[in-house]
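Presented below is the structure to which this report refers.
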Amino acid sequence: MSVKQAWLILEDGMVFPGVSIGAEGKTLGEVVFHTGMTGYQEILTDPSYCGQIVCMTYPHIGNYGINEEDVESRKPWASGFIMRDLSCITSNYRSSQSLQAYLKENNIVALANIDTRALTLHLREHGAMRGAITTSDDFKAILKEVLAFPTTSDVDFVAQVTCKEPYTWPLEGTDSPSSGPHIGVMDFGVKYNILRSLHKQGARLTVFPASTSAQALLDAGCDAVFLSNGPGDPAKVSYAVETIKTLIGKLPIFGICLGHQLLGLALGGETFKLKFGHHGANHPVQDLETKKVEITSQNHNFALRLGSLPADTVEMTHVNLNDQTVEGIKHKQLPVMSLQYHPEAAPGPHDSHYLFERFFEVGFHA
Amino acid sequence: MPKRTDIKKILLIGSGPIVIGQACEFDYSGTQACKAIREEGLEVILVNSNPATIMTDPEIADKTYIEPITAEILEKIIEKEKPDALLPTLGGQTALNVTVQLDERGILKKHNVELIGASIEAIQRAENRDRFKQTMDSIGLEVPKAVYAKTHSEAKKVAKQFGFPCVIRPSFTLGGSGGGIAYNEEEFDSIVKRALELSLISQISVEESVFGWKEYELEVMRDKADNVVIICSIENLDPMGVHTGDSITVAPAQTLTDAEYQLMRDAAIKIIRAIGVETGGSNVQFCVNPTTGRLLVIEMNPRVSRSSALASKATGFPIAKIAAKLALGYTLDELPNDITSETPACFEPTIDYVVVKLPRFAFEKFPGADATLTVQMKSVGETMAIGRTFCEAFQKGARGLEIKKDGWDFGGNLPEDELRQKVSTPAAERIFYIKQALSSGISIEELHEMTGIDPWFLGQFAYLVRQEEALKAQAEQMKACIHQQVEPKIQEAGAKLLRMAKQFGFSDKQLARLWGVDESHILASRQQWDIFPHYYLVDTCAAEFEAKTPYYYSTYENPVFHIDKGPVVEPVVTKNKKPGINKVMVIGGGPNRIGQGIEFDYCCVHAAFALRELGVEVIMVNSNPETVSTDYDTSDKLYFEPVTLEDVLNIVHHEQPDGVILQFGGQTPLNLAQGLSAAGVPILGTTADNVDRAEDREKFKQLLDELGLKQPPSATALTIDEAILTARAIGYPCLVRPSYVLGGRAMEIVYTDDQLKFFAQQAFEASPGFPVLIDHFLEDAIELDVDVVGDGKNFKVGGMLEHIEEAGIHSGDSAMVLPPHTLNDDMVQEVRRIALKLGESLNIVGLMNIQFAVKDDLVYLIEVNPRASRTVPFVSKACGTPYAKVATRAMLGQSLIEQQVPEGVSLPYFAVKESVFPFTRFFGVDIQLGPEMRSTGEVMGIDENFGRAFMKSQIAAGQILPTQGTVFISVKNRDKRGIVAIAQELENLGFSIIATQGTAKVLRHYGMNVDTVKKVHEGRPNVTDLLKDGQIQLVINTPSGRLPRADEVQIRSVATAQGLPCITTLAGALASVHGIRELSKEQLTVKSIQEYHHMLSV
């Protein structure tokens, strides 16, 4: 295997040497780390990673290759991928392709053999920041490009990942359609497993582009609205906040991740950027009603500010036990609720699947 | 849910002696539990028969009973202590089994003792295969098809249905003992028979074979509020068919997609709930069909286990400690994660490194044993290694095993058909044959077919082979680089290659061999090019949060730099400028093996405790995941590293300690003494010169001459002929042994030229090129073990242990009693005088162990070891003085006078140390004792009366001596006179005696009523028939010589397999009769070690 030297260069001038293992060339983006030990395929195909260079903290990546089933959208979205060691062999009965072949085929620039722990420690200390993966050793020139690259809050990533036209789920031929309540999904970058989970609950799903108006959703005869996960800063998606404001009180609403942040904004709250975000599959979240703790899958850089939400109408339902951030809210009077984390998992534990049921109870049986 | 307030006093049961399948991991978990419970203000009553444990230190529990772990004894303790609750889930299978017995006998109910952690129902649902299967069915999970049988014929019917191979497992045993895989009817019959005998409830299961399937384990924890978390996933490199304890295992799982892992996680959570383990940790084993992904549940342990200890060390999550707190009523979210202290324990650790555990075997000690790895565990220890990649961790583990390999080395070159056969059979060495297989071009696919090992692991191995070849190809260039004979640019490339090699875990020694340079040149180059390991933290969270506990492993990474500021340098620890000794490194003993086990870890832990009490910073280095020494709580800093010179020197380079302690970890650290001194590392304790004077044969002889001390005559020989002449000159019997081996390897006592020839040949083979050592053997001498502690000026005898068996049996195997029970006062004083004199002459700072033999009122010196010995924990516990701590303080300059160390020896009670052997694991191996150590563990029996103390030691060791019934006696000619008194005493006690012809004749001559029974070769029915029919309750059979007759071996094997007490020495028989007499007079009573120690102070 011929190896090509490559580097990660961060906006503060730090350089992490490694080798290029994905597509040729250079990539720029916000560098974040993910602490899950499995699930790289789901992570790569999660639209929420649009614009981000993801560093996996677990050193061996690619062990079980890529398979046909574990995809979370139609293609991989991450701007770049970083790992300590690209597995020299692929072993799994479902595997149809190696990770390296997949990265190359999908034009994803990737870096291996770097000290991912040093990188993680650096990001933990200094916060998520912009960076570039490059095979050029003109570090100064690359650094200039990194500094000129737009920050996450400068870009509306949702516009890049949302569907162009509405579509129904299940995708043709994948599963039998359901006859239950009709849920309109606002696609800010929705993961397939959310759609699969809602479908499993018996919902009929139509997925709409993020810019769809409230009226259009109402006209489509939706029984409820689902606000999906997605990439970037919720402040850049103010058009959706307006849509949600209109829908509150008219339809049951359920939001996940970015959808949760947008709902919070629509309810009058504020969001802020976390230092290095939550990206992993081991975050403990407590359900404040039952006091039970669930281990959750998380992927977000922004969060709702506790106390910014009107106390008379909104209450916190879930809290992160690591840093006490808001993980779930609900409207005190209306069938409106949302979660910061990912009950659909993929990747991650299934502890929170019950929340899809709860949503159905709140939305359709209350 | 906060702590319960209705329980104040908790009974905790330990796991007893170290045996295969139950080692010091339960000391680690039990010690953590004791501390955790007492931290909450509750009282802990501890029962454990194993004196070599930290948990039985008098400070660890409130009351500590070093008593046999049987229902009878426990009832007495419960009656006396009246605990509110019993926590049975931290003492392995032993604690769980005895708890079930206590419940069955109504003892818990009668005394109102609540079970916490796991209920009887939960234990039974997990342990009884039928109920387990029903429970799995009820939650929609599959187990391998299995049918249970209580009789041989039932089992046979099932086997017909499943076909061969099939798996046989006994219900209710430890470590899968007694199970096996049958490939044909003959094997099936013998395994079934043994399994039925070994099952405590005479039940076995016959199962469909899942051989070659991928094997996994998940460590699960649950609290009262039903929060469940997974602490760690473990994937076995060896597929199903090899016991997990014998498998190379890897954490985390490597070859599962997230979807598959989550299904397994869901299953584990369902299982802990359905089994009903209310609080604490459990371990669930799964297997996965590699081609279909079908997931089956293998078993569940409703308690902490060997795997949970491994998982704790692998992740930094203290499972036993948390389990104990959960049993008290806390919930996971109420407890902090120790490592981060900011985040709660209610989370799942994620790791950013790879952990590899490798088992350590001891087949060389059991010639004749089947060395194939099966579902029955056979390994005696393990090492764990942490690296950033599998290759790095695996190579570290391979050198950490201490089997004379510097990494993944295989020097041999087998012919192809033999190689294929070796690779296809699971065995200790298979992993090394795989290396040759890969380098000789056998493909990964083919190897996968032959071994069942997942292609991912084989791929990693193939990768390593390719790397090694690439490194070797660069030998000339590297040689030039290392000798600085090239341009800077090429040097830079050389540096890069060296760093890469280190990233793959190659040791300096391996690289030196590959490149044809000296090891010191590699180190010099690493220094010049600044290629030293990074020390990364085991932090439970992949660096997401700051870690507070300093638990490190080494790794080599590509250095990071800043565009303007250049390389980012790790803060270098600067040498302490304060005068005196402020930072000390304690080197541990590595993996457990026969001859070097928990006793040495105990000493290392005590050294750490003593140093911390003195305010000295302690750095622990060890590679054994089972131990208390590798608990991050034990020292100020823990380096989980192989105990090799390179790895230790790297840490020294990083930490700059003021001194290193080597004398506590057994032979492993001692082997580093020379290298460390050469590198200028200050070694604390007895000086190297004096160590040399004790260890060098010639110098030691000289010293003894100067002191006027006697040694049995001895000499060396370089050829067989020379050996014969030497032996004749010295006089038979002689002890023959090879040079430079430990634990009595290939050591034998010979009485004739023929025997000498045979064993001298073996000795030459064991240590090729070196002379054999021949000593006159003092037959029927009394042997003594004496531990001396010194500060360089003052010396004290810690304990004087009299061996119960006569000289010639390895001191690690012999039963011993403190104080000596047959030696007269004058001799005791004489031995003591000599011991102190030796301590003085060798200027001992720390500990020293001396073995003496006393014959005809003359004292002979057998051996001196200027270091902590195996008996230190036993002596410390029996005498109430922690000698390893005393020794540590002495090394730091505190005199014995300052420490007010009392004189040992005179005790108002007897403490008997008995050894425990793994013979039931190695069926067919003769159980007779000899100069080669074969025991895995020890127990202590303590009582004011010798007979009762001895009896307790026997019960604790699993040798339940009968008080009535029939005794079978067959002794060698030399013992025929000595047996008479013993037989008469047994007759007086009401036993019937049967004997083989020769023995019977002698006994009848003395007027005894004896039945004769046939020897095995004399036809049937013979003695083995009677044994199998349960007509014999006690066997006294002394071997006729070191080349025992086949029928003797058979008698002893059958007795052992039947679980019958089998005594193989006259001395042992005498002590046993003593015990039986006492027991028939009066029942055993219990007393805590604190009470015994109190007797010393009044």
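The values are calculated or read from the model by the stated rules, or taken from the named source; none is laboratory data. Worth saying up front: this structure is predicted, and the values here are computed from it rather than measured. Heads up, the Cβs are rebuilt from the backbone with ideal geometry, glycines too, and the neighbour counts pull from every protein chain shown. Just so you know, the surface numbers come from the protein's heavy atoms only, side chains and all, with ligands and any DNA or RNA stripped out. Shrake-Rupley method; radii C 1.70, N 1.55, O 1.52, S 1.80 Å.
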Determine, yes or no, whether B:Glu779 is open to solvent by less than 10 Å² (accessible area, probe 1.4 Å), in contact (Cβ under 8 Å) with a residue 12 or more places away in the chain, not in a helix (DSSP H, G or I) and not small (Gly, Ala, Ser). no
Does B:Thr350 satisfy being surrounded by 22 or more Cβ atoms within 10 Å (Cβ to Cβ) and in contact with a Cys (Cβ under 8 Å, 6 or more places away or on another chain)? yes
Please tell me if B:Asp705 is without any contact (Cβ under 8 Å) to a residue 40 or more places away in the chain, more than 30 Å from B:Val828 (Cβ to Cβ) and either open to solvent by less than 60 Å² (accessible area, probe 1.4 Å) or acidic (Asp, Glu) (or both). no
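One line per residue, one yes/no per condition, for (1) more than 7 Å from chain B (Cβ to nearest Cβ); (2) among the hydrophobic types (A, V, I, L, M, F, W, C); (3) open to solvent by less than 10 Å² (accessible area, probe 1.4 Å):
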position	(1), (2), (3)
A:Lys104	yes, no, no
A:Asn107	yes, no, no
A:Asp115	no, no, yes
A:Gly127	yes, no, yes
A:Thr135	yes, no, no
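Look at B:Lys404 and say whether it is more than 14 Å from chain A (Cβ to nearest Cβ) and at pLDDT 95 or above.
Details: more than 14 Å from chain A (Cβ to nearest Cβ): yes; at pLDDT 95 or above: no.
So B:Lys404 does not fit the description; no.
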Starting from residues that are at the interface with another protein chain (Cβ under 8 Å from one of its Cβ atoms) and more than 17 Å from the chain's Cα centre (by Cα), keep the ones in the range A:260-287 and report whichever is least open to solvent (accessible area, probe 1.4 Å). A:Pro284
How many residues are among the β-branched types (Val, Ile, Thr) and surrounded by fewer than 21 Cβ atoms within 10 Å (Cβ to Cβ) when one looks only at the range B:942-986? 4
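So, in the range B:325-363, of the ones that are part of a helix (DSSP H, G or I) and in contact with a Gly (Cβ under 8 Å, 6 or more places away or on another chain), which residue ends up farthest from the other protein chains (Cβ to nearest Cβ)? Steps first, answer last, please.
To start, the set of residues in the range B:325-363 that are part of a helix (DSSP H, G or I) comprises B:325-327, B:332-334, B:363.
Among the residues that remain, those that are also in contact with a Gly (Cβ under 8 Å, 6 or more places away or on another chain) are: B:326-327.
Working: B:Leu326: 13, B:Ala327: 18 Å.
Residue satisfying both the conditions and the ranking: B:Ala327.
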Does B:Leu523 satisfy being under 22 Å from B:Asn650 (Cα atoms), open to solvent by 30 Å² or more (accessible area, probe 1.4 Å) and either within 14 Å of chain A (Cβ to nearest Cβ) or modelled with pLDDT of 95 or more (or both)? yes
Out of the residues in the range B:541-560 that are away from chain A (no Cβ under 12 Å) and open to solvent by 30 Å² or more (accessible area, probe 1.4 Å), state the one that is nearest to B:Ala385 (Cα to Cα). B:Tyr552
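Taking only the range A:19-56 into account, find how many residues are assigned to a loop (DSSP other than H, G, I, E, B) and modelled with pLDDT of 95 or more. Break it down into steps so the answer makes sense when it comes.
Within the range A:19-56, the first condition is being assigned to a loop (DSSP other than H, G, I, E, B), and the residues that meet it are A:21-26, A:35-39, A:45-46, A:51.
Adding the requirement that they be modelled with pLDDT of 95 or more leaves A:21-23, A:26, A:35-39, A:45-46, A:51.
Total meeting the criteria: 12.
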Can you confirm whether the range A:45-67 contains a residue that is among the aromatic types (Phe, Trp, Tyr), without any contact (Cβ under 8 Å) to a residue 40 or more places away in the chain, open to solvent by less than 20 Å² (accessible area, probe 1.4 Å) and within 14 Å of chain B (Cβ to nearest Cβ)? yes
Hey, any hits in the range B:1043-1058 for a residue that's at pLDDT 90 or above and either of a type in the set (A, V, I, L, M) or more than 29 Å from B:Glu802 (Cβ to Cβ) (or both)? no
For a quick check of your reading: which strands (runs of 3 or more DSSP E) sit entirely within the range A:288-344 and have at least 3 residues that are at pLDDT below 95 and surrounded by fewer than 23 Cβ atoms within 10 Å (Cβ to Cβ)? none
Those residues of the range B:23-49 that are more than 14 Å from B:Val628 (Cα to Cα), crowded, with 24+ Cβ neighbours inside 10 Å and not hydrophobic (A, V, I, L, M, F, W, C) come to a total of 2
Assuming B:Glu429 fulfils every condition listed in (1) in contact with a Lys or Arg (Cβ under 8 Å, 6 or more places away or on another chain); (2) touching a residue at least 24 places away in the same chain (Cβ under 8 Å) apart from one, which condition is it? (2)
Within the range B:570-579, does at least one residue satisfy the condition of being open to solvent by 10 Å² or more (accessible area, probe 1.4 Å) and within 12 Å of another protein chain (Cβ to nearest Cβ)? yes
So, A:Leu123, is that one open to solvent by less than 20 Å² (accessible area, probe 1.4 Å), modelled with pLDDT of 95 or more and within 14 Å of chain B (Cβ to nearest Cβ) or not? yes
When the residues of the range B:244-270 are narrowed to those that are closer than 13 Å to B:Ile234 by Cβ and of a type in the set (Val, Ile, Thr), which ends up farthest from the other protein chains (Cβ to nearest Cβ)? B:Thr244
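Would you kindly identify the helices (runs of 4 or more DSSP H) lying entirely within the range B:473-566 that contain at least 2 residues that are in contact with a Ser or Thr (Cβ under 8 Å, 6 or more places away or on another chain)? Quick ask: steps written out before the conclusion?
Values: elements: B:475-482, B:488-503, B:508-515, B:519-529.
Here the list reads B:475-482, B:488-503.
Tell me, which residue of the range B:187-215 that is aromatic (Phe, Trp, Tyr) and in a loop (DSSP other than H, G, I, E, B) is nearest to B:Val158 (Cα to Cα)? I'd like the intermediate steps shown before the answer.
Within the range B:187-215, the first condition is being aromatic (Phe, Trp, Tyr), and the residues that meet it are B:188, B:211, B:213.
Adding the requirement that they be in a loop (DSSP other than H, G, I, E, B) leaves B:211, B:213.
On the way: B:Phe211: 18, B:Trp213: 22 Å.
The selected residue is B:Phe211.
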Would you confirm, using the coordinates I've provided, whether A:Phe16 is over 20 Å from the mean Cα position of the chain (by Cα) and either outside any loop (DSSP other than H, G, I, E, B) or surrounded by 24 or more Cβ atoms within 10 Å (Cβ to Cβ) (or both)? yes
Of the numbered conditions (1) of a type outside the set (Asp, Glu); (2) outside any loop (DSSP other than H, G, I, E, B); (3) more than 30 Å from B:Asn97 (Cα to Cα), B:Met940 satisfies every one except a single condition; which is it? (3)
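What about B:Leu218, is it within 14 Å of chain A (Cβ to nearest Cβ) and assigned to a loop (DSSP other than H, G, I, E, B)?
So B:Leu218 fails the test.
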Failed condition for B:Ala608, given (1) surrounded by fewer than 24 Cβ atoms within 10 Å (Cβ to Cβ); (2) part of a helix (DSSP H, G or I); (3) free of Cβ contacts under 8 Å to residues at least 60 places away in the same chain, with all others met? (1)
